[in-house]
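Colleague: One structure, pasted below without further comment.
Just so it is clear, none of the values below were taken in a lab; they were calculated from the coordinates. Keep in mind that this is a model prediction, so the values were computed, not measured. With ideal geometry, Cβ positions are generated from the backbone for all residues, glycine too; neighbour counts draw on all protein chains shown.
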Amino acid sequence: MKKGLILEGGAMRGMFTSGVLDVFLENGIEFDGAIGVSAGATFGCNFKSRQIGRAIRYNKRFCHEWRYCSVRSLIFTGDLYGADFCYNRLPNELDIFDLETYRKNPTEFYCVASDCVTGEPVYKKLETCDANDLTWMRASASMPLASRVVEIDGYKLLDGGMTDSIPLKYFESIGYNRNVVILTQPREFQKKPASLMGLMKIMLKKYPKLVDAMKRRHVVYNEETADVFAKADRGEVFVICPKESLGISRTENNPDELQRVYDEGRRTALELLPEIKEFLNADN
């Protein structure tokens, strides 16, 4: 049996996921592998490095820093979330990422990005979290219209959520058969068609297959969540999600709001902790 952890994105809704993951770390809940999409990757990597509290700490510390996330950053760098600040200065200088623990931890960690040329998801195993891996992570979290296309390893990439927001089927395809899925929307949530498709057609005109993927995104997302909850109802996967909408902006810069959503993730995980342990140990 291989235990897997699937982490949806959602920008600052990811504070909910961070709260859940910190409870897992505090209670010794481990997985053979994890896969994160967008914020699920950028915050979820702290689970493999075992850094309890790091994601909420640096988000609260830098939420008003223009180089971290701002329209000013978008204008001057081409990225709403500043690439150099987020993926160089932050992990290497300002809130040190524990590379040694990450590399020694046997848990496999993957991220998902979207291939701009093919309009298909690309899955990347991040083994060392070196500069190359961090660039893949940046690609996974590079939101359309708010980020430059990321070029790495022969790919042109953007946000993984554009093509595979909840990569449960991929993890099942590589042998993970006891999976916990953390979502950042409530069960009843239904994604609607993208509201800025006209602008995306213009800005991404060089990548028509990616535009087509965005046109279908809401359909694919709703099919994925239906599949996840159907499997959960049959006891095949375990889903953790907020009971209602988190009510937080994707680019929230109020530290109290970030803390509120993080705390909601912690409360949810603590409430479900006995059931999670039972699910993960069912076949042991």
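Colleague: Listed highest first by mean packing, meaning other Cβ atoms within 10 Å per residue, what order do 246-253, 89-96 come in?
Modeller: Details: 246-253: 16.9, 89-96: 15.0.
Highest mean packing first, the order is 246-253, 89-96.
Colleague: Answer rounded, prolate or oblate for segment 32-83, using the Cα gyration tensor with square roots of eigenvalues a ≥ b ≥ c: rounded when a/c is under 1.5, else prolate when a/b is larger than b/c, else oblate.
Modeller: On the way: a/c = 4.09, a/b = 1.79, b/c = 2.29.
Because a/c hits 1.5 or more and a/b fails to exceed b/c, segment 32-83 counts as oblate.
Colleague: Expressed as a whole number of Å, what is the distance separating the alpha-carbon centroids of segment 143-211 and segment 4-59?
Modeller: First find each Cα centre; the distance between them is then 18 Å.
Colleague: Let me ask something else about it. If one computes the Cα centroid of segment 104-137 and of segment 227-250, what distance in Å separates the two points?
Modeller: Spelled out, the Cα-based centre of one part sits 24 Å from the other.
Colleague: Using a simple charge model, +1 on the beta-carbon of Lys and Arg, -1 on the beta-carbon of Asp and Glu, nothing else, what dipole does segment 1-146 show about its Cα centre, in debye to the nearest 20?
Modeller: Rounded to the nearest 20 debye, it is 280 debye.
Colleague: What FRET efficiency do you get for N105 and K2 if R0 is 22 Å and r is their Cβ-Cβ distance, rounded to the nearest 0.05?
Modeller: 0.90
Colleague: Nothing charged except the Cβ atoms of Lys and Arg (+1) and of Asp and Glu (-1): what's the magnitude of the dipole of segment 18-87 about its Cα centre? Round to the nearest 20 debye.
Modeller: Magnitude of the dipole: close to 280 debye.
Colleague: Got the relative contact order for segment 64-126 handy, in percent, Cα pairs under 8 Å and 6 or more residues apart?
Modeller: It comes to 17 percent, rounded to a whole number.
Colleague: State to the nearest 20 debye the size of the charge dipole of the chain about its Cα centre, where the only charges are +1 on K and R beta carbons and -1 on D and E beta carbons. Write down the numbers at each step before the final one.
Modeller: On the way: 39 positive and 40 negative charges, 159 e Å.
In total the dipole reaches around 760 debye.
Colleague: Counting only C-alpha contacts under 8 Å and six or more residues apart, can you give the relative contact order of the chain as a whole percent? Show your work: numbers first, answer last.
Modeller: On the way: 544 pairs, mean separation 77.3, N = 284.
Relative contact order comes out at 27 percent.
Colleague: How would you classify segment 83-137 from its alpha-carbon gyration tensor, with a ≥ b ≥ c the square roots of the eigenvalues: rounded for a/c under 1.5, else prolate if a/b is greater than b/c, otherwise oblate?
Modeller: It comes out oblate by the Cα gyration axes.
Colleague: Enumerate the residues in segment 139-170 having an amide nitrogen under 17 Å from the point lying 7 Å beyond the Cα of R234 toward its Cβ.
Modeller: Of the residues in segment 139-170, 168-170 have backbone N under 17 Å from the label point off R234.
Colleague: Can you find, among A146, L196, Y207, the residue farthest towards the positive end of the dipole of segment 117-211? Put +1 on the C-beta of Lys and Arg, -1 on that of Asp and Glu.
Modeller: The Cα lying farthest towards the positive end belongs to L196.
Colleague: Related question: Indicate the gyration tensor shape class of segment 180-246 (rounded, prolate or oblate), computed on the Cα atoms with a ≥ b ≥ c the square roots of the eigenvalues: a/c under 1.5 is rounded; otherwise a/b larger than b/c is prolate and the rest oblate. Don't skip to the answer; put the middle values down first.
Modeller: Values: a/c = 3.39, a/b = 2.25, b/c = 1.51.
Since a/c reaches 1.5 and a/b is larger than b/c, the shape of segment 180-246 is classed as prolate.
Colleague: Which is farthest toward the positive dipole end of the chain among T135, P106, I35, measuring Cα position about the Cα centre, with Cβ charges +1 (Lys, Arg) and -1 (Asp, Glu)?
Modeller: The Cα lying farthest towards the positive end belongs to T135.
Colleague: Which of G247, L273, G235 sits closest to the plus end of the dipole of segment 209-284, meaning its Cα is farthest towards the positive end, when Lys and Arg get +1 and Asp and Glu get -1 on the C-beta?
Modeller: Result: G247.
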